[in-house]
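Chemist: Pasting a structure here, questions to come.
The values are calculated or read from the model by the stated rules, or taken from the named source; none is laboratory data. It should be emphasised that the depicted structure is a prediction, and the values quoted were computed from it without experimental measurement. FYI the Cβ positions are ideal-geometry reconstructions off the backbone, even for glycines, and counts take in every protein chain you see. Side chains included, ligands, DNA and RNA excluded: accessible areas come from the protein's heavy atoms. Shrake-Rupley method; radii C 1.70, N 1.55, O 1.52, S 1.80 Å.
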Amino acid sequence: MFGIIKNSILGLLVLIFQWMLGDIFSLYGLTPSFLVIFIIYIGLTNSQLHAIWMGFVLGFLVDALTGTDMVGLSALALSGVGYLSGLFHGRIVRIPVIVQYLLYTGFLLVFFILTVMISLQDSQFSTGNIVFLVLLPKTLYTLALLSGSFIVLRVGAE
């Protein structure tokens, strides 16, 4: 019970950090998503159900705070990432390191495909421009931050 409360408070702090200070980490207009890093961490270190609920609640709060037209899109994407990362809870240490980072990349791609591709589908950009100018750079930038934080936190290490 204490772990759920601790992770909920930490999740709210990450949300506030993302919302208020996320632009500090912006490179050429691309901002990483610290919430997806947090949900992947929760899924790998806690239960799958906990990651799904944390992803849903934090995603819904993001949608409510930003006032987007597609309410629930972030909740869907973060819940999906929570589900996928929770599949490897307790088993991530038995997977080779290179495969771990390929899984992390897959988790991030699922999140950014759901959020970026759906939100930009009615824009004037072509699909190729969205993929190569927004989707892949955001994924790689967030993966670099995820890698650094997971090395420091020793996620996936025995």
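Chemist: Find all pairs meeting these conditions: Cβ atoms under 9 angstrom apart; at least six residues apart or on different chains; first residue within region 115-126 and closer than 17 Å to THR139 by Cβ and open to solvent by 60 Å² or more (accessible area, probe 1.4 Å); second residue among the β-branched types (Val, Ile, Thr) and assigned to a loop (DSSP other than H, G, I, E, B).
Modeler: What qualifies is SER119/THR68.
Chemist: Among the residues of region 127-138, which ones are among the hydrophobic types (A, V, I, L, M, F, W, C) and open to solvent by 60 Å² or more (accessible area, probe 1.4 Å)?
Modeler: Listed by number, the residues that qualify are PHE132, LEU133, LEU136.
Chemist: Exactly one condition in (1) open to solvent by 60 Å² or more (accessible area, probe 1.4 Å); (2) closer than 17 Å to THR105 by Cα; (3) among the hydroxyl-bearing types (Ser, Thr, Tyr); (4) over 11 Å from the mean Cα position of the chain (by Cα) is not met by TYR28; state its number.
Modeler: Exception for TYR28: condition (2).
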